[in-house]
Amino acid sequence: MAGRNRDMTATSCADTSPDAKLKIGAHEFASRLFVGTGKYPSNEVMVKALEASGARCVTVAVRRINLAERGKGCMLDFIDPKRYTLLPNTAACYTADDAIRTARLGREAGLSDLVKLEVLGDEKTLYPDTAETVRATKQLVSEGFTVLAYTNDDLISALRLQDAGAASVMPLGAPIGSGLGILNPLNVRLIIERLTVPVIVDAGVGTASDVSVAMELGADGVLLNTGIALARDPVLMARAMKLACEAGRAAFLAGRIPKKEYGTPSSPAAGVISSVRGDATKPK
């Protein structure tokens, strides 16, 4: 399967602009940072953090909100639907059937046709179950969902999900909530290079530099929650994540210099030095 062309000289001007919108299915997003809504000290802090992050798409766990309380102080009441696109997720689901039911519930409640699909396979590590995720992806796509599929940082799993119809594949940077950053940058880069759908790094982001690393690898976006929500100052951290996302994308598009084992002078040595040496050796 052919991957995306990562040679920036061969892509369109729109593709190489730091401000180019991210397209996932029929949806477009001005920001490439996706932010969660859980674990904040209060809904008021969440609102300020979301604003500071610059995010335009926020994820909500369908199983952890009381949809019957909408309009009565529910967390969803604090999220401006004119400003943010809701991305319902199937967090805490351990089978494809459970995830499918949860996604249907979110859509029937009017949240979105988008779904961040999570099917976990282990309660301790919270690593995803690839086989169940692929099965759920196929079913949800057949029902008209735009699926953003969370998976391991494994190229084969990512390819299987793309083949199943996922509109975006979301490899983990590290275990959910760990804050360990991008543990396997090579694996993530291989996924980015091979897939044709947008790749969004999800889970394990602990600070702004982790976001920059993901974006410099060529990721189309980053999704995080805990790194902001549990920071000492969530609002300030949200702003840092925003700037890191923008800086990382700009650095990727600009193209870093090659790594070398030895030093290279940053000032030109030819010309001035040779001229001086030449003058010194002229016969008097």
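The values are calculated or read from the model by the stated rules, or taken from the named source; none is laboratory data. All values reported here derive from a predicted model rather than from experimental measurement. Every residue, glycine as well, gets a Cβ built from its backbone with ideal geometry; the counts of neighbours run over all protein chains shown. Just so you know, the surface numbers come from the protein's heavy atoms only, side chains and all, with ligands and any DNA or RNA stripped out. Shrake-Rupley method; radii C 1.70, N 1.55, O 1.52, S 1.80 Å.
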Cα-Cα pairs of region 20-59 separated by more than 15 Å (percent):
42
Report the charge-dipole magnitude of region 53-147 in Debye, nearest 20, computed about the Cα centre from +1 at each Lys and Arg Cβ and -1 at each Asp and Glu Cβ.
340
List Arg107, Arg63, Arg249, ordered by accessible area with a 1.4 Å probe, largest first
Arg63, Arg107, Arg249
Degrees separating the helix 96-108 axis from the principal Cα axis of the chain, which is the longest one:
80
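For the chain, how big is the tail of P(r) above 32 Å, as a whole percent of Cα pairs?
In whole percent, the long-distance tail amounts to 27.
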Taking 30 Å as the cut-off for C-alpha to C-alpha distance, list the pairs among Lys39/Lys242; Lys23/Lys260; Lys39/Lys259 that go past it.
Lys23/Lys260; Lys39/Lys259
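With every protein chain kept in place and ligands, DNA and RNA left out, what is the accessible area per residue of the chain? Probe 1.4 Å, answer in Å². Spell out each step's value before the answer.
Working: 14350 Å² over 284 residues.
Per-residue value: 51 Å².
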Rounded to the nearest 500, what is the chain's calculated 222 nm mean residue ellipticity when only DSSP H runs of at least 4 contribute -39500 (n - 2.57) each, over all residues?
-10500 deg cm²/dmol
Once ligands and nucleic acids are excluded and a 1.4 Å probe is used, how much of Phe252 is accessible, expressed in Å² to the nearest 10?
40
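Provide the three semi-axes, in whole Å and in decreasing order, of the ellipsoid equivalent to region 205-244 as defined by the square roots of 5 times the Cα gyration tensor eigenvalues. Numbers along the way, then the final one.
Details: eigenvalues 65, 16, 11 Å².
For region 205-244, the ellipsoid semi-axes come out as 18, 9, 7 Å.
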To the nearest 20 debye, what charge dipole does the chain have about its Cα centre, counting +1 at the Cβ of each Lys and Arg and -1 at the Cβ of each Asp and Glu?
820
With θ taken as phi - 60° and the coefficients 6.51, -1.76 and 1.60, list the Karplus ³J(HN,Hα) couplings across region 175-183 in order, rounded to whole Hz; mark glycine and proline as x.
x, 3, x, 7, x, 7, x, 8, 6
Given a 1.4 angstrom probe, I'd like the percentage of the accessible area of the chain that is carbon and sulfur, rounded to a whole number.
53
Quick one: the Cα spread of region 40-135 along its three principal axes, in angstroms, biggest first?
37, 27, 20
